[in-house]
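Have a look at this one.
The values are calculated or read from the model by the stated rules, or taken from the named source; none is laboratory data. Quick caveat, the model's predicted, so the values are computed rather than measured. Please note: Cβ atoms are built from the backbone with ideal geometry, for glycine as well, and neighbour counts cover all protein chains shown.
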Amino acid sequence: MRKKNHKKTDNATNASVKKEMALPRMARSARIAELKLGAARIPERPSASVPGTVDRIIRSPSPSKPGKAQIAVDVPDKLYRDLRIENALIDEHGGEDVKLKKGAHVEVTVTAKDVDRHK
């Protein structure tokens, strides 16, 4: 009686193993890469958007180089309240050069370059 019950569980185990063995062999790294490349699973880079105001325009000492715009961002940490970027931007259509003016309201979006989740 005991052997019969044991045989039934062995058959169930064999069925699950056979089902798994029917799938093609693939390394773990290849499975992860396949998940990342799936059309429905395109990962978005982490980003944060905060409103800001152009605080001042800093002219460049050389006329060939663009000046900088200092942007005051509304964040609680004092270290990151002022950002400086080059004041040579392109409009949304990609045609004309645009420059920021003092007092202009802007939205600053910071996007991570690459995400390493394993650290």
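Of all residues in the stretch 99-119, which are modelled with pLDDT under 85, surrounded by 11 or more Cβ atoms within 10 Å (Cβ to Cβ) and more than 15 Å from the chain's Cα centre (by Cα)?
Matches in the stretch 99-119: none.
Would you check if SER29 is exposed (fewer than 10 other Cβ atoms within 10 Å of the Cβ), within 26 Å of LYS113 (Cα to Cα) and touching a residue at least 60 places away in the same chain (Cβ under 8 Å)? Show your work before the answer.
Details: exposed (fewer than 10 other Cβ atoms within 10 Å of the Cβ): yes; within 26 Å of LYS113 (Cα to Cα): yes; touching a residue at least 60 places away in the same chain (Cβ under 8 Å): no.
Spelling it out, it is not the case that SER29 is exposed (fewer than 10 other Cβ atoms within 10 Å of the Cβ), within 26 Å of LYS113 (Cα to Cα) and touching a residue at least 60 places away in the same chain (Cβ under 8 Å).
Mind checking which residues of the stretch 87-98 are assigned to a strand (DSSP E or B) and loosely packed, with under 13 Cβ neighbours inside 10 Å? Explain how you work it out, then say what you get.
First, the residues of the stretch 87-98 that are assigned to a strand (DSSP E or B): 89-90, 97-98.
Correct list: ILE90, ASP97, VAL98.
Next question. Just checking, which of SER60, SER64, SER16 is modelled with pLDDT of 70 or more and outside the structural domain of ALA104 (by TED's automatic domain parsing)? Can you show your working first?
Details: SER60 fails: outside the structural domain of ALA104 (by TED's automatic domain parsing); SER64 fails: outside the structural domain of ALA104 (by TED's automatic domain parsing).
Result of the check over SER60, SER64, SER16: SER16.
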